[in-house]
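Have a look at the structure below, then the notes.
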Amino acid sequence: MDEPSTADTVARLLRGLRLATLLITLVTLFGLDLPLLVANFAAYRSPGLEVAAFVLLSAVAGCAGVFQWRDRPLGRLRWLLLVAVFAASAAALTGVPPALLVEEAEWSYGTIGWFGLLLFADRGVRPVLAFLAAHLAISFGQLVLVGPTDRTSLVGMAMVSVIVLGYQLAVALATVHLHRLARTAREAARREERMRTREAVAGQLHRDRRARFADLATSTVPLLTGLASGLLDPAEDRVRQSFAVEAARMRRLFAERDDVPDRLLHEVRACVDLAERKGVTVALGTWGECPELPLRVRRALTEPVMTSLVTAVAEARVTVVGAGDGVTVSVVTDAPPPERIASTVDDVAVTRLAADGRYWVEATWRAKN
């Protein structure tokens, strides 16, 4: 079994912290606030407002909890829930008699901050601080306007604020730190993936080079060895044609590695380009669409064209005809092609004709039924 990555570990920790925040909110709401609400029910100016505030906060917690459990972002719903939380806070404050605003009867004060964490912890510490500051401003404003403003009441509310906010800010900072770890882990994972990609590309390039060398080792290397040792005379027509054929094979070999829609036509053009470089005028015509062919079949189809173009003197015509069940590649030159032109693949047939100083060679592949 694969070991979990750092990003996965941080993601699980973030999910665990979000669910823990949800659990604290629910425990505070139903384990602490509900008993206080019931115990002080008769003392409220408007019990209906208190019940409505509690129900509204419960609905917000339930809605946010569903998104947290499914690990989905709140999106635009976040702002609707924010309005609901502040509406519940205002209703809870309004229903409490002014004299009891700093007593246990005001059950919502220490709970509202946890809802700020539920709604904004994933957006960073600043939105959470803004939410808590707004909540404190509303609560202290209500106290100053209609509640008791003696020193004991103000100091008591300040102490409660410090204690409650200490827990909430600790959770908020832990969430922000985990988000930073998640970003760092994602960046490290991207760097590691890029490194693995570079290594894979380098390995593939190395294998391609080895494959190219293996393709050339049986034909090009012996020619170069013979030329270097003096066994071959570069002035002989046969030797020059052999080197021209190998040059064409190398050009075709490089063309085989290109990512193009029609590989066969691309490789034929590579052979034509070499003939044009030595001054031969080549007309290339295509008809139909060529099916996707394996490499061995493409080589068998282009080999007769390539060797015929090597011997061409002034002009040549190359034709590629594709059909659903077959492909034909033919060449007409003004000079006789090499004597030995044969197919290296069983399902590719090579035909050659000569008439009136024109030499025609055709390679045909047919799909096996």
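Determine, for each peptide in 303-312, 276-285, 44-53, 244-253, the mean count of other beta carbons within 10 angstrom over its residues, then list the peptides with the highest first.
The peptides rank, most packed first, as 303-312, 244-253, 44-53, 276-285.
Can you tell me how much longer the chain between Ala349 and Ala42 gets when fully stretched, taken as 0.36 nm per residue apart minus their C-alpha distance, in nm with one decimal?
Here the answer is 100.3 nm.
Do me a favour and compute the ellipsoid semi-axes for segment 238-366 from its Cα gyration tensor, root of five times each eigenvalue, largest one first, whole Å.
Ellipsoid half-lengths, sorted descending, are 21, 16, 14 Å.
Taking the alpha-carbon centroid of each part, what is the distance from segment 11-52 to segment 82-136 in angstrom?
Centre-to-centre (Cα) distance: 11 Å.
Give the long-range amide H neighbours of Gly326: residues separated by 5 or more places, or on another chain, with amide H under 5 Å away, using H modelled in the peptide plane at 1.01 Å from N.
For Gly326, the qualifying residues are Ala367.
Values quoted throughout were computed directly from the atomic coordinates according to the rules given, and no laboratory measurement underlies them. Just so it is clear, the model here is predicted, and its values are computed rather than measured. All Cβ positions, even for glycine, are placed from backbone atoms using ideal geometry, and neighbour counts span all protein chains on display.
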